[in-house]
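Just below is one structure, and these are the notes that go with it.
The values are calculated or read from the model by the stated rules, or taken from the named source; none is laboratory data. These numbers come from a predicted model, not from an experiment. Reconstructed Cβ throughout: ideal geometry from the backbone, glycine too, with neighbour counts over all protein chains shown. Surface areas here come from the heavy atoms of the whole protein model, side chains and all, with no ligands, DNA or RNA. Shrake-Rupley method; radii C 1.70, N 1.55, O 1.52, S 1.80 Å.
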Number of protein chains: 2
Amino acid sequence: MSKKLLCELVLKSWDSTVKRTNKLFNELSDEEIKKEVAPNKNRAIYLLGHLVAVNDMMLPLLDLGEPQFPKLTEIYLKNADDPTNDEFTVKELREYWSISNTTLSDALTKLTEDQWLEKHTKISDEDFAVEPHRNKLNILMSRTNHLSYHLGQLILIDKKE
Amino acid sequence: MSKKLLCELVLKSWDSTVKRTNKLFNELSDEEIKKEVAPNKNRAIYLLGHLVAVNDMMLPLLDLGEPQFPKLTEIYLKNADDPTNDEFTVKELREYWSISNTTLSDALTKLTEDQWLEKHTKISDEDFAVEPHRNKLNILMSRTNHLSYHLGQLILIDKKE
């Protein structure tokens, strides 16, 4: 019972952070999403693409399937924000974000407690035997923190009344 | 075994976020800590006081003791940042932050797995019977997200070379 409860806690925490981030993106206009969160820092459009790409890479990492948007990796994971290279529009990225959250949410709710405690795909059996905390649940917890970190930045963008 | 492991995951996640925040505060000079994280947003000195106050309130919430710095509540929890009212110096707040982390860390490591699953002090027995996820571990997870949220903001302050 308590193992199930603990897994649910982590899932709830992820879900509520996604919900808050989603609400914020919905409140920002396309123009506002093109603004920097602070002078000379990442633009929200970059963070939007970055968060989709990070979501997307959780699929293979948690052994839940193939990434849906590998085309985002180069721009939003491997490189810093480059305002001269907006290959994807805000509209496209909003759509990817929505699809990515639905896919991920469906997949995450299917994992059983025992599966949450399994190793993720980027660690070897040998290492996992020594470091059993490097499991799938830990990935979700760490991604929730990562999302909160960027949510704290996105909230700094001034919205029009 | 797995219950213990899951509690350890949450503690590890808290510890590593505190460590990252601590490192960042140590890298910022007193002058830099007086800067805003973005134009017209909270100054880092306010966030430092806020994080000490939030840490401090975890003690009674987790039934681990009395707050050590109740004098911070009014300025850093109940009110917004007010640059005209710096009652505490950066030096003092740095010291409180350090003391607060030591106290909290000592107290947290003493909780057993079963204690982590107990209700926190702000929920009634009746409500907890219906919502068993509102336990102490959930508080720590939510405070870790809160810390990550503000860490994402603090990192925006430009440091001198």
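Regarding A:Thr73, is this residue part of a helix (DSSP H, G or I), more than 14 Å from chain B (Cβ to nearest Cβ), open to solvent by less than 60 Å² (accessible area, probe 1.4 Å) and more than 30 Å from B:Trp116 (Cβ to Cβ)? Step through it out loud before you land on a result.
Details: part of a helix (DSSP H, G or I): yes; more than 14 Å from chain B (Cβ to nearest Cβ): yes; open to solvent by less than 60 Å² (accessible area, probe 1.4 Å): yes; more than 30 Å from B:Trp116 (Cβ to Cβ): yes.
Yes; evaluated as a whole, the condition is true for this residue.
Filter the stretch A:36-49 for residues that are away from chain B (no Cβ under 12 Å) and under 30 Å from A:Lys110 (Cα atoms) and give the result.
A:Leu48, A:Gly49
What single numbered condition from (1) more than 26 Å from A:Leu156 (Cβ to Cβ); (2) at the interface with chain B (Cβ under 10 Å from one of its Cβ atoms); (3) not aliphatic (A, V, I, L, M) fails to hold for A:Lys4?
(2)
Report yes if A:Trp116 is within 14 Å of another protein chain (Cβ to nearest Cβ) and among the aromatic types (Phe, Trp, Tyr), otherwise no.
Yes: the conditions hold for A:Trp116.
I'd like the full set of residues that are within 7 Å of chain B (Cβ to nearest Cβ), within 30 Å of A:Glu113 (Cβ to Cβ) and either of a type in the set (Lys, Arg) or open to solvent by less than 10 Å² (accessible area, probe 1.4 Å) (or both), limited to the stretch A:142-161.
Those that are within 7 Å of chain B (Cβ to nearest Cβ), within 30 Å of A:Glu113 (Cβ to Cβ) and either of a type in the set (Lys, Arg) or open to solvent by less than 10 Å² (accessible area, probe 1.4 Å) (or both): A:Thr144, A:Ser148, A:Leu151.
Tell me, please, whether a residue that is in contact (Cβ under 8 Å) with a residue 12 or more places away in the chain, surrounded by 18 or more Cβ atoms within 10 Å (Cβ to Cβ), touching a helix residue (DSSP H, G or I) at 6+ places or on another chain (Cβ under 6 Å) and not in a loop (DSSP other than H, G, I, E, B) can be found in the stretch A:106-118.
Scanning the stretch A:106-118 turns up at least one residue that is in contact (Cβ under 8 Å) with a residue 12 or more places away in the chain, surrounded by 18 or more Cβ atoms within 10 Å (Cβ to Cβ), touching a helix residue (DSSP H, G or I) at 6+ places or on another chain (Cβ under 6 Å) and not in a loop (DSSP other than H, G, I, E, B).
Before we move on, is A:Glu87 closer than 30 Å to B:Pro39 by Cβ and surrounded by fewer than 16 Cβ atoms within 10 Å (Cβ to Cβ)? It would help to see each step written out before you state the result.
Working: closer than 30 Å to B:Pro39 by Cβ: yes; surrounded by fewer than 16 Cβ atoms within 10 Å (Cβ to Cβ): yes.
Here the answer is yes, as A:Glu87 does meet what is asked.
Hey, among A:Asn85, A:Asn79, A:Asn101, which residue is part of a loop (DSSP other than H, G, I, E, B) and either in contact (Cβ under 8 Å) with a residue 24 or more places away in the chain or farther than 26 Å from B:Arg20 by Cβ (or both)?
On the way: A:Asn79 fails: either in contact (Cβ under 8 Å) with a residue 24 or more places away in the chain or farther than 26 Å from B:Arg20 by Cβ (or both); A:Asn101 fails: part of a loop (DSSP other than H, G, I, E, B).
Step by step, each of A:Asn85, A:Asn79, A:Asn101 is checked, and only A:Asn85 is part of a loop (DSSP other than H, G, I, E, B) and either in contact (Cβ under 8 Å) with a residue 24 or more places away in the chain or farther than 26 Å from B:Arg20 by Cβ (or both).
Can you pull out every residue in the stretch A:121-135 that is within 13 Å of chain B (Cβ to nearest Cβ) and either closer than 18 Å to A:Trp14 by Cβ or part of a loop (DSSP other than H, G, I, E, B) (or both)?
A:Glu131, A:Pro132, A:His133, A:Arg134, A:Asn135
In the stretch B:36-50, how many are at positive phi and touching a residue at least 60 places away in the same chain (Cβ under 8 Å)?
Going through the stretch B:36-50 one residue at a time, the tally reaches 0.
Name the single residue that is nearest to the other protein chains (Cβ to nearest Cβ) among those in the stretch B:7-35 being of a type in the set (A, V, I, L, M) and in contact (Cβ under 8 Å) with a residue 40 or more places away in the chain.
Applying the filter and picking the extreme gives B:Val10.
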